[in-house]
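A.B. asks: Pasting in a structure now, in structure tokens, and then I'll have a few things to ask.
The values are calculated or read from the model by the stated rules, or taken from the named source; none is laboratory data. None of the values given here were measured: they were computed from a predicted structure. Using ideal geometry, Cβ is built from the backbone for each residue, glycine included, and neighbour counts are taken over all protein chains shown. Remember, those area values only see protein heavy atoms, side chains included, never the ligands or the DNA or RNA. Shrake-Rupley method; radii C 1.70, N 1.55, O 1.52, S 1.80 Å.
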Amino acid sequence: MTLSRRGLLAATGGTVAAGAAVAAPAAADGGDRGRSRRRTRTGFERLQASGYALLAGDKVGVVTNPTGVTRDVRHIVDVMHVDDRVELTAVFGPEHGFRGTAQAGGSEGRHDDPATGLPVYDTYRLSGRELADVFTASGVDTVVFDIQDVGARFYTYIWTLYDCMAAARLAGKRMVVLDRPNPMTGRGAYGPLLRPEFATFVGREPIAQAHGMTVAELARLFNGEFLERPVELDTVLMSGWRRDDFYDVSGLPWVPPSPNMPTPETALVYAGTCLFEGTNLSEGRGTTRPFEMIGAKGLDGRWAAAANALGLPGVRLREAYFAPTFGKFSGQTIGGVQVHVDDREAFDPVRTGIGLLVTAKQVWDGFVWRLDRRPDGTSSYWVDHLTGSTRVRTMIDAGAGTDEVVAGWRHELSAFRAVRGRYLAYR
């Protein structure tokens, strides 16, 4: 099985990403190594401090959403719009929209932004030539990307980035990616890789389920390993951020990247518990703790007991009962678990998600994998697209335990980590 067009899984070699990077200092600002006093400066902060030198003379369009904010929570579009040092002429909105008014699977459509008067182009579900035509019609020279990611392969904004890079190349535009922290930290990569036949908008290319990279690092990886031809790419890195930093260390405000990602704690567990979207259990949508509360009608305390017996590192599962206000089991009181991370340094979200799937199936005879039905009448198991292959589902159905399932991706993950290492920009 070939998992990369450019030898992604080769242990050595590889293509260096095209374009320059505005590097971050090796140490924190002012040389201060203490976590409590360090200050993370985002890519946008550093771009602005330079007087937008990287954008001089260009008509600029920005791909962003409500997370594209400054430290004092002003949106970067509003800031750039009134700054004569940069010529901002367009905005491109992803899933949920530029201002964030749409729910999952929706966007805001083409409109003029009431606050700035700027044209806002809808990019959701566009790729290739269709998206390139949008960039061409906008008249921009450079496409800037600034969206907060959460560190999971199936969180779609990184594939918006990927699609924009590919489309910018087709349209003859330059890409500039402004970096923000990975809230899960950048310590390591976890989970299986995607196989090409399971590629969708929740995973275009074979990266790990929890990739442990920032968006700027991913842009370099995409350019060097996956795009058929690299785009002209510049990345503006952060300063004052280290690979083992959780989001709260950054001192940056948290803006929910999507309606069901309310806190950095949600992002910490999401790479594992989002797998329940591929089942008939509620993944907690419609509660105040999405992806931390999981359950179904008929589940009880046996599930928490079975999951805790696995000894999953860094986490405890609490027996919980809740009534989602929308989504699965809307308006019904259901039983399940609440995920409590008590040692985030030791916590492995993907192993936790697998352990919860294994034990849910063991203790509840109502467990069903969710089928995703397509307009052409065909269907597939949604969890296969989330995990990247049929392997996790079929192993659990065959009675495999957590350790056995996790061992199934050991070799491919090791190879991915080797390639990933060539694109990491922070210590």
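A.B. asks: Expressed as a whole percent, how much of the Cα-Cα distance distribution for the chain exceeds 40 Å?
C.D. replies: On the way: 14081 of 90951 pairs.
In whole percent, the long-distance tail amounts to 15.
A.B. asks: Using a 1.4 Å probe and ignoring any ligands, DNA or RNA, find the accessible area of K297 and quote it in Å² to the nearest 10.
C.D. replies: Counting only protein heavy atoms, the figure is 110 Å².
A.B. asks: Round to a whole number: what % of the accessible area of the chain belongs to carbon and sulfur, probe 1.4 Å?
C.D. replies: Details: 7800 of 15860 Å².
Here carbon and sulfur together make up 49 percent of the probe-accessible area.
A.B. asks: With label points built 7 Å along Cα→Cβ from the Cα atoms of R74 and R187, find their separation and express it in nm.
C.D. replies: Using points 7 Å along Cα→Cβ, the separation is 3.7 nm.
A.B. asks: Mind checking the per residue accessible area of the chain for me, 1.4 Å probe, whole number of Å²? Don't skip to the answer; put the middle values down first.
C.D. replies: Numbers: 15860 Å² over 427 residues.
About 37 Å² of surface per residue is accessible.
A.B. asks: Restricting to the chain, compute how many DSSP beta bridges are antiparallel as a %, nearest 5. Spell out each step's value before the answer.
C.D. replies: Numbers: 25 of 49 bridges.
In the chain, DSSP labels about 50 percent of beta bridges as antiparallel.
A.B. asks: Could you sort the peptides 209-221, 283-295 by per-residue average Cβ neighbour count (10 Å cutoff), highest mean leading?
C.D. replies: Working: 209-221: 25.4, 283-295: 23.5.
Ranking the peptides 209-221, 283-295 by packing returns 209-221, 283-295.
A.B. asks: What nm value, rounded to one decimal, do you get for the distance between T101 and R129 when each label is placed 7 Å out toward the C-beta?
C.D. replies: Using points 7 Å along Cα→Cβ, the separation is 3.3 nm.
A.B. asks: Report the accessible area of S380, computed with a 1.4 Å probe over the heavy atoms of all protein chains in place, in Å² rounded to the nearest 10.
C.D. replies: The accessible area of S380 comes to roughly 20 Å².
A.B. asks: Still on this structure, please answer the following. For region 264-393, report the translational diffusion coefficient in µm²/s to the nearest whole number, using Stokes-Einstein at 10 °C, 1.306 mPa s, and a Kirkwood Rh over Cα pairs. Working shown, then result.
C.D. replies: On the way: Rh = 14.7 Å.
Calculated translational D: 108 µm²/s.
A.B. asks: Right, another one. What FRET efficiency, computed as 1/(1 + (r/R0)^6) with R0 = 30 Å and r the Cβ-Cβ distance, is obtained for D248 and R422, rounded to the nearest 0.05?
C.D. replies: Rounded to the nearest 0.05, the efficiency is 0.55.
A.B. asks: Students sometimes get this wrong: rank H385, H340, H411 by accessible area, probe 1.4 Å, all chains present, largest first. Can you show the working numbers first?
C.D. replies: Values: H385 15, H340 75, H411 155 Å².
Ranked from most to least accessible, the order is H411, H340, H385.
A.B. asks: Would you mind calculating the relative contact order of the chain from Cα pairs under 8 angstrom and at least 6 residues apart, reporting the percent as a whole number?
C.D. replies: Values: 930 pairs, mean separation 78.3, N = 427.
Dividing the mean separation by the residue count of the chain yields 18 percent.
A.B. asks: Run the numbers for E228 and Q332: contour at 0.36 nm per residue of separation, minus the present Cα-Cα distance, in nm. Write down the numbers at each step before the final one.
C.D. replies: On the way: separation 104, 0.36 × 104 = 37.44 nm, distance 4.86 nm.
The E228-Q332 span can extend by a further 32.6 nm.
A.B. asks: Which of rounded, prolate or oblate describes region 187-291 when judged by the alpha-carbon gyration tensor and an a/c cut-off of 1.5?
C.D. replies: Since a/c reaches 1.5 but b/c is at least a/b, the shape of region 187-291 is classed as oblate.
A.B. asks: Can you compute the helix-only [θ] at 222 nm over the chain? Use -39500 (n - 2.57) per DSSP H run of at least 4 residues, normalise by all residues, nearest 500 deg cm²/dmol.
C.D. replies: Details: 13 runs with 113 residues, N = 427.
Mean residue ellipticity, 222 nm, calculated: -7500 deg cm²/dmol.
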